Amino acid sequence: MYSNIVIQRQWARLAGLFRTLSSLEGQKLPVGRKSIDGISPPVRISRSSTDILQALAATVGVDPTAPHFKYHDDPFLIPQSNYRKRAYALSAEAGRKAASWIRDEQSQLFTTREWDPPMKMKTPYHNADPPIDAFNPRPIYNDESKVTEEDLLYTIQNALLEDAIRVYQLLSASEGVNDDLKLALLQLLCFYNEKEPIAAEWLEERWFAAATRERQATTWRLGGLADKIFSAMDPKTPEAYCTVIQGMAKYYQAERAHALAQEAMEKGIPLSTSVYNALLSCVGFLKEGTTLRIEALKALLSQMNEQGISPNSDTLTSCLKSISAWGGGKALQTFALQIVAEFKQLNIQPGLSAYYYLLCLFCKERGPRIDVLTTILNDLEGRDSLEPTDAMDTHFFITAMGVCSEHLQNIDLADRVHALLMKDDNYRLVGDAYKESIYYRHLVSVACRHAPFEKTAQLLDTLIPNIYVPEPSVMEEIIKTLELAGAGDRLAEVWSQLVVFGLAKRVKLVERLLDALCNCYTYQDEEIKEKIRSAAADMLKFGQMVQEQNEPESRTPIQKLSASALTNIIELCADVKDKADESWEVVGEALARLRSEQASGLPSRPEVISSVAKKAATYGKPGLAATAVTYLAECGFEEATTACVETLGVMLNRPTDEVQTLLREPRSSLESSLHPSALVIAEAFHLAKTGAPIDSSASSESDSETSDDD
Amino acid sequence: MNSSIFKLIQNVSAVSKSSAILSSQFHTSPALCRVVSGKYRITKKRDKPLTYEMANPPHYIAHRKTWNSWNTSSLKDGLRRPETALEDEFIRRFMNGTWHGLVCSEIIIKRQFNHIRVAAIIRRAVSPTKMYFLLGYSEELMANWLHCPVTLELQTVDSFKDVVFKYI
């Protein structure tokens, strides 16, 4: 009895096991056909371990109004200017580098148990289970270290170029290196041209790396380790040939690359497609003149055909790279289009970098306006995704935007380019910090020039300051746009932006802003006028503050606001309807600076000063009025005499002709009858009229008194 | 406390030389615990600054203030109890030493999965650039030591006075 039951149970178990096995197998196979009961489960989709995380991340967009998440979320630690953004990100990375230097140097502290008693052998200890390689100390290689082939493999796989060279030298001195590893090392050396790359770990350093545009010059190290390894190789394998030729071609050692290729072909060594691609990209170095170069390129392509090697999209890119480097002109452009058409017949689509070279070829700075961008965008917008395949792919968007802004001056195309960049995760194609800022410079300037104002304002609001901080030239463009639109409110805010972005010391920009403020001041609301006045007053104060700070050093000459800019400040600040307003102090300050010749040049609109003088007299500020007209008279403006007469008229409340008769009286009689300020004005009148003061002795004293006791 | 222990020892040795009695009477701290530990003594001049965290004695935890370490290891069947406690102490000392004279608050350590978040209030006595250097340095070094991602969540205040809750 018992045994039977047991067997039955076992049977049930076995059956269950088979069921699960079969279903497991069924999962592996795509289940396409319908089952008997009409239910067909969907085909299993294999997913990687991070797919769910990526799907979750895709639901959250980037908030352009928040600072980048690499910056700490605290008002004190959020950067505002370009300089600070760079400094903060790189400081954090420097700290991280310091920490990993300590980890590598003091590796025993990180890999052994701390609480082992002294003098005893230390027990290896890892906090994580299973151990995580990323947190473990990296080995340090020096001339004494004992190395094996595993070390060489490790350094090659992690692209530690200098370490790899050291380990190779140690190894070849002792036991020698096997051929596979030699080839791997040769590949590493050729790819980087024996220059240590910035490790992928240091994101910020790569992002902010100095934007040196790689020159098209021979940088290949002749007689370097790569050359030595290659010449010592015996027999030379096809891989070795391919590697060295590609390395030489990549670093523009064109003649030797082609000679080696020739040698390989004579020996009957097969070359790969990528070798031909590399040769194609430097074919122009062999010949002079467009026609010869085109012929050489064609010859190389037909040689590929003879060898039976099929081209790929990189072949197209290399051809276009060569062609775009040969200058412009109709012949090259038609040739490039021919090549693109021919590759399309072979069903090879141009990649982003190919399009980049096309844009370079067609859209020259001083060339005729050719619109290839529309076609390119039509093609790119139709694609599902833009996968980066070439290092030059990151140049596409910045060039496209540059073409939109400078060559075609078309806001619609710029919008399309921007939309394409923002689609999915195309933003990774923006390149690095330098390219990103140039991209936005082009976008903002094309929007300022050609977009309707509301749209521009919206764009500026989203981009500035967290994504992009405008450079001085772009700031000028923005000020111009705001001035045209008459947005006094935003213009007043521009001043605080200038201060925050560290541009407030640029006098040209400040002067431009003051001009813009003056031009659109009259038709603003009272509230906005108030803001503009305070901004103008602040500019004056900021100038003084900078001067005070800089005085002890005085190594760099401080730029001062010009007389016209000061006049603008005076005009803005004098527009008040109250005697007790603080703005009068600012006016007085600006006038004092004008008179003490702290400003460069002469005011372009002296009539502003004369009207301010009249106004000051009306509001019971005779001291200010006197300073203003004296300044006019001292500078020898024509307006000085009429200004004197009118101001005096207002001050004494008499008609003009009476004032003029009064002014003809001798100084002694005036002195007794007039207020000291009025006396100063009378003196200014004589100065303006005759070119010399009435009585040369008293003028300077009296005006210094009067400016105080108004 | 030390003197009381010595007195005890003397008394005990006077009464009897048996070590069993000594060991059973050696626990002097529990009696003091409720009265003294986690509390601050009032000074004569009443000028000792206390933060909010210090001003609330331990029995207000979970009523007026919260824990300084957040983890699940001290729950029933929690993992890595001694390690967690030791690591927390290490993190506190590391932070206080690295951000020397800048930390104005208790250091709060929050653990989620293998992620450690360290929160503190920092004085703005050094430039932001230096702060970023220290941030990167402490995050990376602690991550390498503890073998898990560490994130610093700092807030800055102008001076220590900003975190003072009262003077006693």
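Here are some notes:
- The Cα center of region A:218-296 and the Cα center of region B:37-109 differ in position by 66 Å.
- Cα convex hull volume per residue for chain A (Å³): 352 Å³
- Burial order of peptide ranges B:75-81, A:676-682, A:519-525 (average beta-carbon count within 10 Å, highest first): A:676-682, A:519-525, B:75-81
- Exercise: per-residue mean of other protein chain Cβ atoms within 10 Å, B:142-151: 4
- At R0 = 51 Å, FRET efficiency that the Cβ-Cβ distance of A:VAL60 and A:HIS126 yields, to 0.05: 0.90
- Peptide ranges B:94-106, B:123-135 listed from the most packed, as the mean C-beta count within 10 angstrom indicates: B:123-135, B:94-106
- Listed by chain and number, the lysines placed with their C-alpha closer than 16 angstrom to that of A:LYS529 are A:LYS577; residues fewer than eight positions away on the same chain are left out.
- With helices as the sole contributors, chain A gives -19500 deg cm²/dmol at 222 nm; each DSSP H run of n ≥ 4 counts as -39500 (n - 2.57), and the sum is divided by every residue.
- Residues whose placed amide H lies under 5 Å from that of A:THR112, excluding near-sequence neighbours: A:TYR125
- Peptide-level mean, for A:85-92, of C-beta atoms on other protein chains within 10 Å: 5
- R0 of 30 Å, Cβ-Cβ distance B:HIS115-B:TYR40: FRET efficiency to nearest 0.05: 0.35
- For chain A, the longest principal axis of the C-alpha atoms and the axis of helix A:453-463 are separated by about 60°.
- Axis of helix A:238-250 versus longest Cα principal axis of chain A: the two differ by about 10°, to the nearest ten degrees.
- Sites A:ARG113 and A:PHE191, calculated FRET efficiency, Cβ-Cβ separation with R0 41 Å, nearest 0.05: 0.50
- Of A:LYS195/A:LYS505; B:LYS110/B:LYS166; A:LYS70/A:LYS541; A:LYS480/A:LYS621; A:LYS560/B:LYS161, those spanning more than 29 Å from alpha-carbon to alpha-carbon: A:LYS195/A:LYS505; A:LYS70/A:LYS541; A:LYS480/A:LYS621; A:LYS560/B:LYS161
- For the pair A:GLN80 and A:ASN305 in one chain, pulling the backbone fully straight at 0.36 nm per residue adds 75.3 nm over the alpha carbon distance.
- Annotation: for a label point projected 7 angstrom from Cα along Cα→Cβ of A:SER673, no residues of region A:605-630 have a backbone N closer than 14 Å.
- Segment A:TYR523..A:LYS146, full-extension length gain: 127.6 nm, with 0.36 nm per residue of separation and the alpha-carbon distance subtracted.
- Annotation for B:ASN96 and A:ASN178: the two label points, set 7 Å from Cα along the Cα-Cβ direction, are 5.6 nm apart.
- Long-range amide H partners of B:THR151 with built H, under 5 Å: B:ILE116, B:ARG117, B:VAL118
- Cross-link partners of A:LYS267 among lysines (Cα-Cα below 21 Å; sequence separation of 8 or more within a chain): A:LYS228, A:LYS236
- Ordering of A:383-393, A:156-166 by packing [mean C-beta count within 10 Å, highest first]: A:156-166, A:383-393
- Average beta-carbon neighbours from other chains, 10 Å sphere, peptide A:71-80: 5
- Aspartates and glutamates with Cα under 15 Å of A:LYS435, excluding same-chain neighbours fewer than 8 positions away: A:GLU204, A:GLU205, A:GLU214, A:ASP393, A:GLU471
- Taking 0.36 nm per residue of separation and subtracting the Cα-Cα distance, full extension of the segment from A:ARG47 to A:LEU346 would add 104.3 nm.
- Within the protein assembly as shown, percent of DSSP bridges classed antiparallel, to nearest 5: 45 percent
- Taking 16 Å as the cut-off, the amide N atoms of region A:338-382 that come nearer than this to a point 7 Å along the Cα-to-beta-carbon line of A:ASP412 belong to A:371-379.
- Between the helical axis of A:352-362 and the longest alpha-carbon principal axis of chain A there is an angle of about 50 degrees.
- Note on A:ALA209 and A:LYS423: their simple-model spin labels are 2.9 nm apart, each label 7 Å out from Cα toward Cβ.
None of the figures in this text is laboratory data; all of them are computed from the coordinates on show. These numbers come from a predicted model, not from an experiment. Please note: Cβ atoms are built from the backbone with ideal geometry, for glycine as well, and neighbour counts cover all protein chains shown.
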